[in-house]
1. Quick one: in the range 127-177, which of the residues that are open to solvent by 100 Å² or more (accessible area, probe 1.4 Å) and of a type in the set (Asp, Glu) is farthest from HIS102 (Cα to Cα)?
2. Among (1) open to solvent by less than 50 Å² (accessible area, probe 1.4 Å); (2) touching an Asp or Glu at 6+ places or on another chain (Cβ under 8 Å); (3) closer than 29 Å to ILE135 by Cβ; (4) not in a helix (DSSP H, G or I), there is one condition LEU230 misses while meeting the rest; what is its number?
3. Does ILE122 meet the test of being surrounded by 17 or more Cβ atoms within 10 Å (Cβ to Cβ), β-branched (Val, Ile, Thr) and either in contact with a strand residue (DSSP E or B) (Cβ under 9 Å, 6 or more places away or on another chain) or more than 20 Å from SER23 (Cα to Cα) (or both)?
4. If a residue counts only when it is touching a Gly at 6+ places or on another chain (Cβ under 9 Å) and small (Gly, Ala, Ser), which strands (runs of 3 or more DSSP E) contained entirely in the range 50-121 have at least 3 such residues?
5. Being closer than 21 Å to GLY50 by Cβ and either touching a helix residue (DSSP H, G or I) at 6+ places or on another chain (Cβ under 8 Å) or among the β-branched types (Val, Ile, Thr) (or both) is the requirement here; does ILE92 meet it?
6. Of the residues that make up the range 54-67, is at least one touching a helix residue (DSSP H, G or I) at 6+ places or on another chain (Cβ under 9 Å), within 30 Å of THR192 (Cα to Cα) and buried (at least 18 other Cβ atoms within 10 Å of the Cβ)?
7. Would you confirm, using the coordinates I've provided, whether PHE49 is at pLDDT 90 or above and either under 14 Å from SER117 (Cα atoms) or over 25 Å from the mean Cα position of the chain (by Cα) (or both)?
8. Considering only residues that are within 19 Å of the chain's Cα centre (by Cα) and among the polar types (S, T, N, Q), look in the range 288-338 and name the one that is modelled with the highest pLDDT.
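The values are calculated or read from the model by the stated rules, or taken from the named source; none is laboratory data. Everything numeric here is computed off the predicted structure, so don't read it as measured data. Glycine gets a Cβ as well: all are built from the backbone with ideal geometry, and neighbour counts include every protein chain shown. Heads up: the accessible areas ignore ligands, DNA and RNA and are worked out on the full protein's heavy atoms, side chains in. Shrake-Rupley method; radii C 1.70, N 1.55, O 1.52, S 1.80 Å.
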Amino acid sequence: MQSRKLTSQYEQIEARYERLFESAEEAIVVVDVESNEIAECNRAACELFGYSKFELQRLDPSSVIQFEDGCEFTEFTEHLSQQDAGVTKTLICTTQWGQSVHAEASAAAIEHAEQQSVLLLIRDISERVRRQKQIRVLNRVLRHNIRNSINVVNGYGELIYESTADDEVSAFAEKVVDRSKELLDLSEKSRTVSNALQAGDELQSLDVVAVLDRIRAALSDEYPHARIELTAPESAQVFGNSYLQTALYELCENAIVHSTQDAPLVDISVTEAQSAVTVRIEDRGTGISEQELAMLEGEETALRHGSGLGLWMVNSVVDGIGGELDISTDSTRGSVVTVSLPQPAE
């Protein structure tokens, strides 16, 4: 009696999971690791690839699923079956009609009846990829055209300044040149911000002390009048990507540019504690304005001002790698920027 009751309960649970499996909006594909065959797939997977369940289960998975990083399908499933944690990968799915669909898959190893399988939960991200491409093209065209136009304005402003004998006209021309240079700087800053925000780099272990050493050397060449002091251990490993150096460079350069001293002093320190590395950057400047700090909150009015773009980029990069950014500022003593970065697990 008890056995029949347990069997009935098991069948009900199995039926419930089967309904969830079939009704899921995202495509689900289960691949047997040993045979490299599609063992199961749901309705959404059939709709995504354009095949019936019968047809899809008889296809080589690699003929419809390719990894953007070039990883072989069998290599991926074998590697994943030996891991405890799941992974997320970007894919190109090939439909029955030869169309390429950009997708993102969350994959994990599963075991049932001593059979090793890999489950892929596949999301169609084609629309997101299309919008990103459109935005990149639009940004590139706008930056190119705006930069060319500003260069023309700058050139004419310099010609007027150099050729006129009228002091008033000369003063006006100088303002035109100065403002055009500001706009050129803003255009370049927006390009850096755009690239950083679109960065899709995988996190990796980086020596933040080595990164700061490179930053100090570069800034010393560009601003020879500045003093940049670095207090740090020989090395400190953190999680980061290729834009971490860009973000830290931005903070250190700001400390120099906004200094009120003839020989700006920037103190940089690195400390390790509780699975995190803290980078502290202190200047003797005029402090960071409320307008620029508002950019960190994404306030729409702040988008009209270019000086806060750098902080916005820094915050986005730090947040993207799981870190934290803290800023304390005082108009009489300067600013202290603290960046906490996660350390790789040993």
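1. Applying the filter and picking the extreme gives ASP167.
2. (3)
3. Yes, satisfied.
4. On the way: elements: 65-67, 87-94, 100-112.
Hits in the range 50-121: 100-112.
5. Against the criterion (closer than 21 Å to GLY50 by Cβ and either touching a helix residue (DSSP H, G or I) at 6+ places or on another chain (Cβ under 8 Å) or among the β-branched types (Val, Ile, Thr) (or both)), ILE92 qualifies.
6. There is no residue in the range 54-67 that is touching a helix residue (DSSP H, G or I) at 6+ places or on another chain (Cβ under 9 Å), within 30 Å of THR192 (Cα to Cα) and buried (at least 18 other Cβ atoms within 10 Å of the Cβ).
7. Values: at pLDDT 90 or above: yes; either under 14 Å from SER117 (Cα atoms) or over 25 Å from the mean Cα position of the chain (by Cα) (or both): yes.
Yes, satisfied.
8. Within the range 288-338, the match that is modelled with the highest pLDDT is ASN315.
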